[in-house]
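Working notes for the structure below.
Computed from the coordinates by the stated procedures, all read-outs in this text should not be read as laboratory data. These figures come from a predicted structure and were not determined experimentally. Positions of Cβ are backbone-derived with ideal geometry, glycine not excepted, and every protein chain shown enters the neighbour counts.
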Amino acid sequence: MSSSLGAHKALIARSHPLFSTPLPLSSALPRCQLRRQYIYLTSRGHASSSKTHARPSSSAQPATSRVPSTSSTATTSLANDVNPPPSTRPADLNLPDAVSRSAATADKLKRYIAMGRAYLSFYKTGLKNVYHNYRASLPIRRSLGLPVYLPTSPPPAPPSSSSQGQKSTTFRTAIESVKLSRSSFQLARRAAYDVRRMIPFTLILIVCGEMTPLAVLAFGNAVTPFTCRVPRQLEKDRMQRVTRKRAALAAQQAATSGSVTPPAAGSDLELDLLVRMYTNLEWIESASAEEILRACAVLNLAKTHTRPSGLVSLYRARLRRYADYLSLDDQLIRRCGGVRAMEGVEVRLAVEERGGVGVTEGKEGWDAERDERRWLEKWLERR
């Protein structure tokens, strides 16, 4: 029994990016504390929305055929260097089966009660994951010199003054010194994003209980942690982003070429526009107010590209910081195994973060995932 336990502990120590590379003595925490944080995180049940598909041979196919568990009560398999823990994504929402229209009123009422309980359980699981993810991210934040109890999302704002430039350089140096993996970086970033929404969402959950889904429709993503977003909410947000992106790109085409037709989603023209303009730090500094607003709308940093021009200084700083984040994330993807090592759900999130939302319109399953992988590979080639 003792030998098997020892082998299991050794596997944990080798597999997770927090322990795969030793930290410098000046910034590392005691090994026992790091081990407790990781074991506590991975011993909880999490979920991934990846599903098994019949996959034809393709150069874009992932290197591993392992599909993460979609059970909200299953133990999470050990994360690799490029994929963050499944607890950073929404768990499964298990709703009761639909009843026929001719069913008795009592049966319909029972189903509505069961649905309310399912949503309540889903939201509670999401909030627990927010808490434990942030606890697990604290050693990472300390090693990178980030505020521990102020949930700011890494990386820090890119240079806009000498002090900010020094801060950004220090952060990049810390990333290299600890050999940070993308898994750890995304854990710290997503945990900070969610914990900022934890308090208002918890209050809504306490007040509304099983009626929380109706309240979420009113407040939207502004107060909802990512781990607490139901599939319908995610799909609605995705459709809104596609509409917003097309309108902004149509305005861009009208301003530059006189055409009102936006580039086709996933086309080389659209990809070049995203890479060479909207996420290029040099372009961001010299772009006009209208161009900045269009870029922010395409990258989901603004609700519309028709915002008042007086707000452009705010949006330029936001776009500058987001472009710096994408640059760092691209670097970590390459260093930690590339697109082939990424899970399907993580590929989709990465594509949407880079303005590629809508590239798989009309496709499902492996066909959609294959297009997303190829799009992300093209993106990295151009960067």
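At-a-glance table
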| item | result |
| --- | --- |
| Segments 297-303, 85-91 sorted - mean Cβ within 10 Å per residue, highest first | 85-91, 297-303 |
| Förster radius 35 Å - calculated FRET efficiency between GLU235 and THR170, Cβ distance, rounded to 0.05 | 0.30 |
| Overall Cα dimensions of the stretch 230-383, principal axis frame, Å, largest first | 42, 32, 32 |
| Of the GluC sites (Glu not before Pro) in the stretch 291-383, those whose Cβ has at most 16 other Cβ within 10 Å and which sit in DSSP loop | GLU361, GLU364 |
| Gain upon complete extension [GLU361, GLU282; 0.36 nm per residue less C-alpha separation] | 25.3 nm |
| Additional length obtainable on full extension of the chain from THR105 to SER259, 0.36 nm per residue less Cα span | 49.8 nm |
| Proximal aspartates and glutamates relative to LYS108, as straight alpha-carbon distance under 18 Å, when same-chain residues fewer than 8 apart are discounted | ASP97, GLU210 |
| Computed FRET value (nearest 0.05) for ALA222 with ARG135, which takes r as the C-beta separation and R₀ as 25 Å | 0.55 |
| Linear extension gain, SER177 paired with LEU269, 0.36 nm per residue minus alpha-carbon span | 29.4 nm |
